[in-house]
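The values are calculated or read from the model by the stated rules, or taken from the named source; none is laboratory data. Since we're looking at a predicted model, the values are computed, not measured. In this analysis, Cβ positions are derived from the backbone assuming ideal geometry, glycine residues included, and neighbour counts consider all displayed protein chains. Accessible surface areas use protein heavy atoms only, side chains included; no ligands, DNA or RNA. Shrake-Rupley method; radii C 1.70, N 1.55, O 1.52, S 1.80 Å.
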Amino acid sequence: PISAMAIQAFAPPMEGFRRGRDFAAWLGLVPVQKSTGGRQILGRTSKMGQRDIRRLLIIGAMTRVRWAIKNGPPKGSWLEQMLARKPRMLVAIALANKTARAIWAVMTKQEDYRDPAPAV
């Protein structure tokens, strides 16, 4: 509820963003791109953008990551695959990015959230 209220209060209308990646970039949850000569290089997470919403999304994602480490992530899920090969803070940032994109999709399409079924 706190994150939803912060998004309503601080974020511009979602129709102003062409896609979910643009909203995540506005929050500062995507890697910095350094491209030259057709070669795309992705750097660190930019951390530029709306700090309050970004912080709330990362806190929520870190809570989910800690729960998955303690109780075991769902079998075959994206979270399980990421935790197997990446540091947990990086996984939390990636999960916050996915959450921001899902928020954009839900708000622009005016639909209820549908939990994706894990691939088996």
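Quick look at the values:
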{"quantity": "Any hit, segment 52-66, residues being more than 17 Å from the chain's Cα centre (by Cα), open to solvent by 100 Å² or more (accessible area, probe 1.4 Å) and free of Cβ contacts under 8 Å to residues at least 40 places away in the same chain", "calculated": "no"}
{"quantity": "Segment 1-24: number of residues that are of a type in the set (Phe, Trp, Tyr) and open to solvent by less than 50 Å² (accessible area, probe 1.4 Å)", "calculated": "2"}
{"quantity": "Contacts under 6 angstrom Cβ, first residue in segment 12-26 being under 13 Å from residue 99 (Cα atoms), partner open to solvent by 80 Å² or more (accessible area, probe 1.4 Å) and of a type outside the set (Gly, Ala, Ser), 6 or more apart", "calculated": "20/101; 24/101"}
{"quantity": "The lone exception for residue 37 - which of (1) modelled with pLDDT under 85; (2) surrounded by 13 or more Cβ atoms within 10 Å (Cβ to Cβ) it fails", "calculated": "(2)"}
{"quantity": "Among (1) out of contact with any Asp or Glu (no Cβ under 7 Å at 6 or more places or on another chain); (2) within 23 Å of residue 115 (Cβ to Cβ); (3) open to solvent by 40 Å² or more (accessible area, probe 1.4 Å) - the single one residue 90 does not satisfy", "calculated": "(2)"}
